[in-house]
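Written out below as structure tokens is the structure these notes cover.
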Amino acid sequence: MQDNLIFLISTPRSGSTLLMRILNATSHIYSRPEPHMMPALAHLGFWKTVDTAPYDQLQAQIAMREFVADLPKNESDYYDACRAYCDTLYGRMHAHMGGGQRYFLDKTPANALVLPFLTKVYPNAKYIILTRHPAAIFASYANSFFDGDYDAAVKFNPILSRYIPVVSAFLKNPTAPYVHVTYEGVASNPEGELRRISEFLDIPFEEDAINYKKADVAAGLGDPIGVQKHDRPVTSSIHKWAAELASDDFKFETVANQLSGLSDEELELWGTTREDLWEPMLTVEQGAYKAKKKKWDRYSSQRRMLVALRKDIHNKPLGRWVKKIRFICDVLLRGS
């Protein structure tokens, strides 16, 4: 499968669903959103272990590494086995659903966090690295999944400080063939970026794929909001974050604190310099930010309910009841 695999590497809320939809609309690429195959495989024990598991994960890691050490080719045999497992699943999905397309594209943001492992399993696959202005990423993340609560968002997942270093490390010392594109480039010049990606993948340039809704994509995880509103990329969200952060010191500090621990080189590899990072905020007119009127569709209602219930849940009566119910469920299921 190595010659037929594309991995789209990005943070959440970087425009990966948009780019995936465009590529899926070509006649040479089939994609199924966010299979999450590689992150789980990476944490089986040899490369990284999980924090908790329904078995002794620490003993499992020791045992796995001792076992692999006695294989004829050591860790090469282990990565061969991982590749065989993935080849079976990717290959059968590609053959069953791909309809003759050359490539299968895996768009799972969490793949970025296991990128060193991923490139050991598939060193000859094609990698598309998609980056976006860090502040735009986090603003979109907080507004999409936490109803604008930046504090809850960063406590749940400080995505900037987690994702940017590992992707920048790959861009500095790449271990697989890749092309680097930006969300801003895709939004403002989709034809040019699609042409560049097509050349990298050695497939014909199909300009009409920019109208990504011409092709359906399988249901799954991914952008629940943005790409459904339009038929092709738009530029309206490129600097939307600037007015919001300029109007709220806490939101600005929440983003800036995540970036303070990053080096100038990491930011530059990502696609911006520290000197230019906040430049869009300097041109924002006072009072330009206006919070959107909240919609009460099913998705928004579910998100608001989750944010409200999860906030400080460990110190609330609800949290104690949830823990009791969980304990009772564990006891009931233990003998099943």
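The values are calculated or read from the model by the stated rules, or taken from the named source; none is laboratory data. None of these values were measured; they are calculated from a predicted model. Heads up, the Cβs are rebuilt from the backbone with ideal geometry, glycines too, and the neighbour counts pull from every protein chain shown. Just so you know, the surface numbers come from the protein's heavy atoms only, side chains and all, with ligands and any DNA or RNA stripped out. Shrake-Rupley method; radii C 1.70, N 1.55, O 1.52, S 1.80 Å.
Using the structure shown, decide if Ala40 is open to solvent by 10 Å² or more (accessible area, probe 1.4 Å), in a loop (DSSP other than H, G, I, E, B) and at pLDDT below 95. It is false that Ala40 is open to solvent by 10 Å² or more (accessible area, probe 1.4 Å), in a loop (DSSP other than H, G, I, E, B) and at pLDDT below 95.
Determine which member of the set Ala135, Ala110, Ala142, Ala125 is open to solvent by 10 Å² or more (accessible area, probe 1.4 Å) and not hydroxyl-bearing (Ser, Thr, Tyr).
Ala110
Take the conditions touching a residue at least 40 places away in the same chain (Cβ under 8 Å), open to solvent by 40 Å² or more (accessible area, probe 1.4 Å) and either part of a loop (DSSP other than H, G, I, E, B) or closer than 29 Å to Ile210 by Cβ (or both) and apply them to Arg21. Does it pass?
It is false that Arg21 is touching a residue at least 40 places away in the same chain (Cβ under 8 Å), open to solvent by 40 Å² or more (accessible area, probe 1.4 Å) and either part of a loop (DSSP other than H, G, I, E, B) or closer than 29 Å to Ile210 by Cβ (or both).
Selection of segment 145-176 for residues being in a helix (DSSP H, G or I), small (Gly, Ala, Ser), over 11 Å from Pro12 (Cβ atoms) and open to solvent by less than 20 Å² (accessible area, probe 1.4 Å) yields only Ser168. With respect to the conditions (1) surrounded by fewer than 22 Cβ atoms within 10 Å (Cβ to Cβ); (2) part of a helix (DSSP H, G or I); (3) at pLDDT below 95, Tyr55 falls short on a single one, namely (2). What residue, among those in segment 202-253 that are open to solvent by 50 Å² or more (accessible area, probe 1.4 Å) and hydroxyl-bearing (Ser, Thr, Tyr), is modelled with the lowest pLDDT? Ranking the candidates gives Ser236 first. For segment 191-207, the set of residues classified as part of a loop (DSSP other than H, G, I, E, B), touching a helix residue (DSSP H, G or I) at 6+ places or on another chain (Cβ under 8 Å) and farther than 11 Å from Ile29 by Cβ consists of Pro204, Phe205, listed by residue number. Residue count for segment 75-91, restricted to those that are open to solvent by 70 Å² or more (accessible area, probe 1.4 Å) and more than 26 Å from the chain's Cα centre (by Cα): 1.
Per this entry, Leu269 is not counted among residues that are outside any helix (DSSP H, G or I), in contact with a Leu (Cβ under 9 Å, 6 or more places away or on another chain), modelled with pLDDT of 95 or more and open to solvent by less than 80 Å² (accessible area, probe 1.4 Å). Within segment 24-34, the only residue that satisfies the criterion of being touching a Gly at 6+ places or on another chain (Cβ under 8 Å) and outside any strand (DSSP E or B) is Glu34. With respect to the conditions (1) over 23 Å from the mean Cα position of the chain (by Cα); (2) of a type in the set (S, T, N, Q); (3) open to solvent by 60 Å² or more (accessible area, probe 1.4 Å); (4) modelled with pLDDT under 90, Ser27 falls short on a single one, namely (4). Can you confirm whether Leu259 is in a helix (DSSP H, G or I), within 15 Å of Pro134 (Cβ to Cβ), open to solvent by 30 Å² or more (accessible area, probe 1.4 Å) and modelled with pLDDT of 95 or more? No: the conditions fail for Leu259. Scanning segment 43-52 for residues that are among the aliphatic types (A, V, I, L, M) and in a loop (DSSP other than H, G, I, E, B) yields a single hit, Val50.
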